[in-house]
Every structure is written in structure tokens, then in C-alpha cells.
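Since the structure comes first, as C-alpha cells, the remarks are kept for the end.
The values are calculated or read from the model by the stated rules, or taken from the named source; none is laboratory data. None of these values were measured; they are calculated from a predicted model. Cβ: placed from backbone, ideal geometry, glycine included. Neighbour counts: every protein chain shown. Keep in mind that these areas ignore ligands, DNA and RNA; they rest on the heavy atoms of the full protein, side chains included. Shrake-Rupley method; radii C 1.70, N 1.55, O 1.52, S 1.80 Å.
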Amino acid sequence: MLEQQTGIILVAAGTGERLGLGVPKAQALCGGITLLEHALSTCLESGVAVHTCVVVPAGDTVLRDIIDSVTGSHQHRGIVTTVDGGASRPESVRAGLAALPSTISHVLVHDAARALTPVNVFQRVAETLVQGAQAVIPGVEVVDTIKSVSGGQVTGTPSRANLRAIQTPQGFSAGLLRRAHDTPADGHITDDAMLIESLGIPVNVVEGAAEAFKITTPQDLILAESILQRRHP
Ligand code: CTP
Ligand code: MG
């Protein structure tokens, strides 16, 4: 049997419009180091991948220098490569997929913006793939009541017990993820699992972590800073 070879695609090619710092979000500082350093260090520390491909904005040099310094200062197995991203997240994931060698059998796709994701979430996702799952995503219970709304009116209230807020890293068999990204999709694609669902393939959910929240707004950065304070007072 072919040995399982896992790769990570770390997407960091967004502009960070909502954070509003005027630099790509991956360059934002949190606890004195960039979000990219937090995220890449965790990818490497998790030990799950033989190849990590970081997707950065086209033409960027700042993030590439950061990647070199993180890669040089960590004990890790496997290699780290960098590739230019696209105009949307799915395009950036596709650029990462194209850059991974064909020997990679499983892929974890992770948002650099989820910079404080604990190592154990990576390991949970990777282990579920080892056990034979084709697609696995981390999720946490939601605290709010979520309603669907159309034209300013409520159209439904799904039971909160069945809802999960979905995070990354999301893990897939590489062939399946390539097929999903090659299939034309309608609407706004906000995660990779959506593409797998539309192929009718089961997606497993494992426990995520509160700290894996996506740093999107200035308030999120304040929360992230205080989480780091608690980790390293
Ligand atoms: N991403 C990417 N390429 C894009 C857009 C997003 O690699 N063209 C990545 C981001 O770098 C981030 C993740 O996808 O790690 C989730 O996206 P989001 O949180 O929306 O980040 P940004 O697009 O940078 O933020 P904004 O939408 O506020 O501009
Ligand atoms: Mg975005």
C-alpha cells in the first residue's frame, strides 16, 4: 500500500480589508510576531505534513522573508515552499494544490488568519484522514441563535444543537480536493468542504477549538493578543 503523505496548504494571500491595516493580514502583528509566523510555526510543530506550501500575495517579498526565517529556525520534517496566490481564496487554494507534488496523498488546507489554532486540531484532522476519512473539518458549537433571513424577514431557525461553526485546517484526500476544485461551482465559496459537499461526498466533523477563530476584524486582534498574554504571561 502507498504510504500516506500529507501536505499542508497555508493560505495567506488575502489583503486583510476588514482588518484595515493597509498591509496583508498575514503581516499583522500579534504578541510582537506576525500572524503568518504564528500559523506557519504551528503547521510545522504539528508534525503532520511532509510538505507545507504557503500561498502569499503575488509580488510579496515581506512574507517570503518571514517564511524563510521561520523555516530556518524550526526543527521540522519535510519541506516548505511558497507560491503566489490568486484574487479569491479558492484561487489561492488551487495555486497551492498545483504546487504540491503528485506524491502527496492527503492535504490539509489552513487559513493563516486562524493564527492561534492549537496543534491538536491539526493532529485530530490528520488522524481522522489516516483512519480512512476522505474529508474532515473541525467545528465548534455555536452560542448564538442562528436564523436565515431574506428581504429583512426571518425564513427559518435551524436547531442550534445541529449547528457548528466550521474552522480550518480542513483535511481531504488530495485527489478528491483536486477534483472538487476542478468542478465549476456556483455562489460564494467560503470553505473547501462546500465543494466536497456539492459532489455528494460525506464530510466528517471533528472537535475544533475556540482559539482557532478567524482573525478578521480589529476586535479579533485584541482578543488574540489577550489569548497570547494568557499563554505566555
Ligand atoms: N486568502 C487567500 N487568498 C485570497 C483571499 C483570502 O489566500 N485571495 C486567505 C487569507 O489570507 C486568509 C484566509 O484565506 O488566511 C481567509 O480569508 P479572510 O479571513 O477573508 O482574509 P482576507 O481575505 O485577507 O481578509 P478580508 O476578507 O477582510 O480582506
Ligand atoms: Mg477575504
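Of the heavy-atom accessible surface of region 2-231 (probe 1.4 angstrom), what whole percent is carbon and sulfur?
52
So what is the calculated 222 nm ellipticity per residue for the chain, using -39500 (n - 2.57) for each DSSP H run with n of 4 or more, over all residues, to the nearest 500 deg cm²/dmol?
Result for the chain, helices only: -10000 deg cm²/dmol.
Solvent exposure of region 2-231 amounts to 48 Å² per residue of accessible area, where only protein heavy atoms count and the probe is 1.4 Å. Look at the dipole of the chain built from charges on Cβ: of L163, N204, N120, the Cα furthest out on the positive end belongs to L163. Within the listed set D186, D60, D220, the residue fluctuating most in the Gaussian network model of the chain (springs between alpha-carbon atoms under 10 angstrom) is D186. Projection of the Cα convex hull of region 2-231, averaged over all directions and equal to a quarter of that hull's surface, yields 13.5 nm². Only Lys, Arg, Asp and Glu carry charge here, each on its Cβ (+1 for the first two, -1 for the last two); on that basis the chain has a dipole of about 240 debye about its Cα centre.
For a test of the definition: using alpha carbon positions, the gyration tensor, and the 1.5 limit on a/c, classify region 150-202 as rounded, prolate or oblate. Prolate, since a/c reaches 1.5 and a/b exceeds b/c. Between the residues P138, A58, T81, the greatest Cα displacement towards the positive end of the dipole of the chain, with unit charges on the Cβ of Lys, Arg, Asp and Glu, is found for P138. Centroid-to-centroid, using Cα positions, region 148-175 and region 109-125 are 19 Å apart.
Over all distinct Cα-Cα pairs of region 1-107, the Kirkwood formula returns a hydrodynamic radius of 14.1 Å.
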